[in-house]
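S.K.: To start, I am sharing the structure in question, which I have written as structure tokens.
Every number in this text was worked out from the coordinates using simple rules, so none of it is lab data. Remember, it's a predicted structure, so these values are computed and weren't measured experimentally. Cβ atoms come from the backbone with ideal geometry, glycine included; neighbour counts cover every protein chain shown.
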């Protein structure tokens, strides 16, 4: 941020507050075509389903390099050009262009991935806390008496979901009032981030997988396959994926019915698109067709160990170490089965996020990786999104053998329970809407506008340099086009 911008921060932030809540917006995560709402990565693993995938976007090219670094790391939310992360109990807001600290809140006991929706930041930690983005003040906070810490929350349609003290709670996002709660009759639920998709919230107590209706907390279905470990559940509108059977299997269930499609070797669900599921198994990544469980991709690199990947368009991004290509962040094109590039880092990065053609990777700190020639960074709002299509799902017509457009083989092995093979007829490779945003992953975007803005208060984010948190408000307004660059 230039010196002139710094001098104008308070002026524009004050105008924003006086205008009566102009920071409010109805959408915050990545839209399929990148034109409606704000593009970004609004929560843990990018969306309410924890899928780790953004459709219709392209990432850094072969010139990828570290654009900036920040001393503190952890899971982030990236919304409209601002990076939010929890640091020592407070929320830090960074300029996505250059990593400059725009502001930070007081210590509110925050931990884990924040969720940014409309003009509110929701975060777990010592308690479940809602922070007004405009004022930097706590809107409401609820002490849920967790065993360890309140997990990262999930927000859908203005309702905040979190598991604490063995119970799934649903709270109204605007005032924190309890909407409903769900507690199993037998063993308490595992305190971990929940997944939400297809109108249901998914939780487990280790023995049973529960699908609970978002609207009222009633039970949709349960599965008693057992040995579900403490691990992030991944869900789309079509499939729910998680580790099952101790450390040996990844199971994929139908979102609507709970029927088991298949189970394969694996310990972690890496990411999911509308038609594919990627797992980590024996230090490798394997891509499977969602319906049949047939394998279609493995990374073209030897002797590497992998972290949990994220995806954008046809590219999978993952932290690696132990390979001849070094330690760092790797990009794989799953269509052409190529290793596109590796950016070396000191340790294998974890907690990846993707927004505005930039990968955010956390190791000892936070690094932002983008194309070296991309000088505009997250400010290039007029830039068209990359090739449409999700990781391994939508490819050129001459690559049908790799995409899964043709029907999957009927024979199944490896102990899997085959899904309905006819579902492959629903493969929407030629349909531009065949993306996760249509599978309900961005339903969390459709929140009611929130009216918690204090018309008389100045933004409460502050920086060590003494610049008032109006910097956060200014950046937010500028990203949305409410404040023009030439006005600054």
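S.K.: For residue 224 and residue 295, FRET efficiency with R0 = 22 Å and r from the beta-carbon atoms, rounded to 0.05? Provide the component values of the computation, followed by the final result.
M.R.: Values: r = 28 Å, r/R0 = 1.26.
It comes to 0.20.
S.K.: Hey, how many Å between the Cα centroid of region 183-248 and the Cα centroid of region 122-154?
M.R.: 22 Å
S.K.: At a threshold of 8 angstrom on Cα-Cα distance, excluding pairs fewer than six apart, so keeping six or more, what relative contact order does region 123-218 reach in percent? Kindly include the intermediate steps, with their values, before the conclusion.
M.R.: Numbers: 196 pairs, mean separation 17.8, N = 96.
The normalised contact order for region 123-218 reaches 19 percent.
S.K.: What full-extension length gain, to one decimal in nm, is calculated for residue 143 and residue 333 as 0.36 nm per residue of separation minus the Cα-Cα distance?
M.R.: On the way: separation 190, 0.36 × 190 = 68.40 nm, distance 4.46 nm.
Between residue 143 and residue 333, full extension yields an extra 63.9 nm.
S.K.: When 306, 182 are ordered from fewest to most other Cβ atoms inside 10 Å of their Cβ, what list results?
M.R.: Details: 306 23, 182 20.
Least to most surrounded, the residues fall as 182, 306.
S.K.: Can I ask one more? Packing-wise, with mean Cβ within 10 Å as the measure, how do 212-223, 356-367, 111-122 rank, highest first? Mind showing how you got there, number by number?
M.R.: Details: 212-223: 15.8, 356-367: 22.6, 111-122: 25.4.
Answer by packing, highest mean first, reads 111-122, 356-367, 212-223.
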